[in-house]
1. Multiply the residue separation of Asp149 and His122 by 0.36 nm, subtract the distance between their alpha-carbon atoms, and state the gained length in nm to one decimal.
2. For the stretch 118-158, which chymotrypsin sites (Phe, Trp or Tyr not before Pro) are both in a DSSP coil and crowded by at most 15 other Cβ atoms within 10 Å?
3. Do the alpha carbons of any pairs in Lys40/Lys113; Lys40/Lys96; Lys55/Lys164; Lys113/Lys164; Lys74/Lys116 sit beyond 26 Å of each other, and which pairs?
4. How about the stretch 67-131: which GluC sites (Glu not before Pro) there are in a DSSP loop, with at most 14 other Cβ atoms within 10 Å of their Cβ?
5. Whole-Hz Karplus ³J(HN,Hα) for the stretch 113-124, in order, using 6.51 cos²θ - 1.76 cosθ + 1.60 and θ = phi - 60°, x for Gly and Pro?
6. Taking a ≥ b ≥ c as the square roots of the Cα gyration tensor eigenvalues, with a/c under 1.5 meaning rounded and otherwise prolate when a/b beats b/c, else oblate, which class fits the stretch 104-145?
7. Where the Cα atoms of the stretch 41-167 are projected onto their three principal axes, how long is each span, largest first, in whole Å?
8. Towards the positive end of the charge dipole of the stretch 41-167, with charges on Cβ (+1 Lys, Arg; -1 Asp, Glu), say which of Trp45, Thr161, Gly137 has the farthest Cα.
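Only the coordinates and a few stated rules stand behind these numbers; no lab work does. Since this is a predicted model, take the numbers as computed values, not measurements. Cβ placement follows ideal geometry from the backbone for every residue including glycine, while neighbour counts extend to all protein chains displayed.
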Amino acid sequence: MRVIGLILTLSLAACGETKTSGPMETPAKAPEQPAAPVVKTDEEWRAELTPEQFKILRQAGTERPNGEVYKQFKAQGAGTYYCAGCGAELFSSNEKFDSHCGWPSFYDPSKAKNVKTSVDYHLGYARTEVLCAICDGHLGHVFEGEGFDTPTDKRYCINGTVLKFVPAGEAPPAKKEVPPAEKPADTGEKKP
Ligand SMILES: [Zn+2]
C-alpha cells in the first residue's frame, strides 16, 4: 500500500509539473474528459452518431481508404484528436505520420489510458484492434515492426471518420454527454 501511495504522489507531482506549459502543450481549455466509462445502447448510439460512425465504432467497420476524411486528415496541422463517440482525447498531431496507407496513422496514442487494444480474428488471422477505452468504440488496428522511421515503429491505423480534430488553440468539441443526475447547468467558470 505504501508503494501505491508513493506512486500516486509521484504521478500527481508529475501532473502538476506538466502544467508549466511549453509551446506544444494542449491549451488549458482542453475538453472536459469523460470521468467514467461511457456505456450506451445501440439505439442511443445510433441517435447520436452518423451511420458511418456507428458502423465503425459499434460494429468494427472500416472506412474507405484514401477518402475525403483522409484528405482532410492530411491537410490538418497541429491539434488534438478526440473520440467521436465519447469525446475522450485519443491522439495528437505530434504523433501523426504519413504511412501512405490511406488511413490516418499515428505512432503512439497521446493519452495511452484512453486507448486500449485487443486481438481480433475478423480476417482469419490475428490483428490488434484499437479501441477507445472510455466508450469501447472500435477505432482501427495497430501494426508493429513495419520499419517506419518513428520512435515506436508502431502504426495506429485509425478510421478518421471516428476522430474529431480540434486545431491547437481552438475550443474543444462541445460535449454532447449530459452526465446523469447531480450536475446542474453549467453557468459559471470552470476550475482547470
Ligand atoms: Zn470513445
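1. Numbers: separation 27, 0.36 × 27 = 9.72 nm, distance 2.85 nm.
Residue separation times 0.36 nm, minus the Cα-Cα distance, leaves 6.9 nm.
2. Details: sites: Tyr121, Tyr125, Phe143, Phe148, Tyr156; in loops: Tyr121, Tyr125, Phe148.
Within the stretch 118-158, the qualifying chymotrypsin sites (Phe, Trp or Tyr not before Pro) (loop, at most 15 other Cβ atoms within 10 Å) are Tyr121, Tyr125.
3. Values: Lys40/Lys113 20 Å; Lys40/Lys96 30 Å; Lys55/Lys164 16 Å; Lys113/Lys164 18 Å; Lys74/Lys116 24 Å.
As for pairs spanning more than 26 Å Cα to Cα, those are Lys40/Lys96.
4. Numbers: sites: Glu68, Glu89, Glu95, Glu129; in loops: none.
The qualifying sites: there are none.
5. 5, 8, 10, 10, 10, 7, 7, 10, 10, 4, 9, x
6. Numbers: a/c = 2.28, a/b = 1.35, b/c = 1.68.
In terms of gyration-tensor shape, oblate.
7. 42, 37, 28
8. The residue sitting most towards the positive pole is Thr161.
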